[in-house]
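S.K.: Structure incoming, see below.
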Amino acid sequence: MTQQDKQIVRELAKKYMALVTSEKQARMSARFRDTNDLRATRPPLILEEIPWYQMNMNGELDCVCENEKARGVEYFFRRAIFYMTHFKADNLYLPEFRIKRAVRSSGIGIEFEATDLKRTDAFNNIVSREYRDVLEDESALEKMHDPTFELCPEKDASELEFHTELLGDSIPIKLFGFDYFYYAPWDKITRLRGVEPILMDMYDRPE
């Protein structure tokens, strides 16, 4: 990565740190704690699923780093700064840059099989897809198994080295595992089967 990439990202990290250590963020952090402690208070209002590809009205989200990985970090900071500057929700940002631990998974024995049908915008990550039914009958369930996981400390060390060189002392860097668990069974089953086979089974084979 270039020195210019480092300078760009470090300046953004400093702006980010100024926002996340503000009085407003401290109040929001207290609101989360009070809500989790079941105290009578206004619960946090979290705003997610932002169509980011439509948000860059004035160039605030333009990334200019040459290195691809550095550009990914740059985009994280630009989005977070944009959010804290323009949105009035209670999404909480932490005073650190987090690197998710690398994990290898065996999977569950079956994988999604999809065909892209239509992309409405080159910058939109949402794409119309058709999913092939990989669970056509009960015998296909025999392919499924519990996943096994394996940590990858060598990759963690490499990621820490890269981000430490990129960010310097502009922001604390932290390795983490899982900060929340998201489970959406309808999303998963429709990707394994497609919507139409599920709807037909709800009528023909509800069991």
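S.K.: If I filter the range 9-24 down to residues being open to solvent by less than 30 Å² (accessible area, probe 1.4 Å) and hydrophobic (A, V, I, L, M, F, W, C), which single residue comes out as nearest to Tyr83 (Cα to Cα)?
M.R.: Val20
S.K.: Which ones in the range 179-194 are free of Cβ contacts under 8 Å to residues at least 12 places away in the same chain and not acidic (Asp, Glu)?
M.R.: Selection gives Tyr180, Phe181, Tyr182, Tyr183, Ala184, Pro185, Trp186, Lys188, Ile189.
S.K.: Any residue that is under 21 Å from Ser22 (Cβ atoms), of a type outside the set (Val, Ile, Thr) and open to solvent by 70 Å² or more (accessible area, probe 1.4 Å) - is there at least one of those in the range 64-79?
M.R.: Yes, the range 64-79 contains at least one residue that is under 21 Å from Ser22 (Cβ atoms), of a type outside the set (Val, Ile, Thr) and open to solvent by 70 Å² or more (accessible area, probe 1.4 Å).
S.K.: Condition first: free of Cβ contacts under 8 Å to residues at least 24 places away in the same chain and either surrounded by 12 or more Cβ atoms within 10 Å (Cβ to Cβ) or part of a helix (DSSP H, G or I) (or both). Now tell me which residues in the range 25-53 satisfy that.
M.R.: Matches in the range 25-53: Ala26, Arg27, Ala30, Arg33, Asp34, Thr35, Asn36, Thr41.
S.K.: Quick check on the range 109-125: of everything there that is touching a residue at least 24 places away in the same chain (Cβ under 8 Å) and open to solvent by 60 Å² or more (accessible area, probe 1.4 Å), which residue is farthest from the chain's Cα centre (by Cα)?
M.R.: Filtering first and then ranking leaves Phe112.
S.K.: So which residues in the range 98-108 are within 30 Å of Ala18 (Cβ to Cβ), open to solvent by 20 Å² or more (accessible area, probe 1.4 Å) and part of a strand (DSSP E or B), if there are any at all?
M.R.: Arg98, Lys100
S.K.: Which pairs do you get when a residue that is modelled with pLDDT under 95 and outside any helix (DSSP H, G or I), found in the range 11-23, comes within reach of a residue that is open to solvent by less than 90 Å² (accessible area, probe 1.4 Å) and not small (Gly, Ala, Ser), reach meaning Cβ atoms under 6 angstrom, with the pair 6+ apart or on two chains?
M.R.: Thr21/Pro95
S.K.: Continuing with the same structure: Got at least one residue in the range 171-178 being at pLDDT below 90 and not in a helix (DSSP H, G or I)?
M.R.: yes
S.K.: Further question: Could you pull out the residue among Glu136, Glu142 that is part of a loop (DSSP other than H, G, I, E, B), over 30 Å from Cys63 (Cα atoms) and open to solvent by 100 Å² or more (accessible area, probe 1.4 Å)?
M.R.: Of Glu136, Glu142, the one residue that is part of a loop (DSSP other than H, G, I, E, B), over 30 Å from Cys63 (Cα atoms) and open to solvent by 100 Å² or more (accessible area, probe 1.4 Å) is Glu136.
The values are calculated or read from the model by the stated rules, or taken from the named source; none is laboratory data. Please read these numbers as outputs of a predicted model, since none were measured by experiment. Using ideal geometry, Cβ is built from the backbone for each residue, glycine included, and neighbour counts are taken over all protein chains shown. Areas reflect the complete protein model, heavy atoms only, side chains present, ligands, DNA and RNA absent. Shrake-Rupley method; radii C 1.70, N 1.55, O 1.52, S 1.80 Å.
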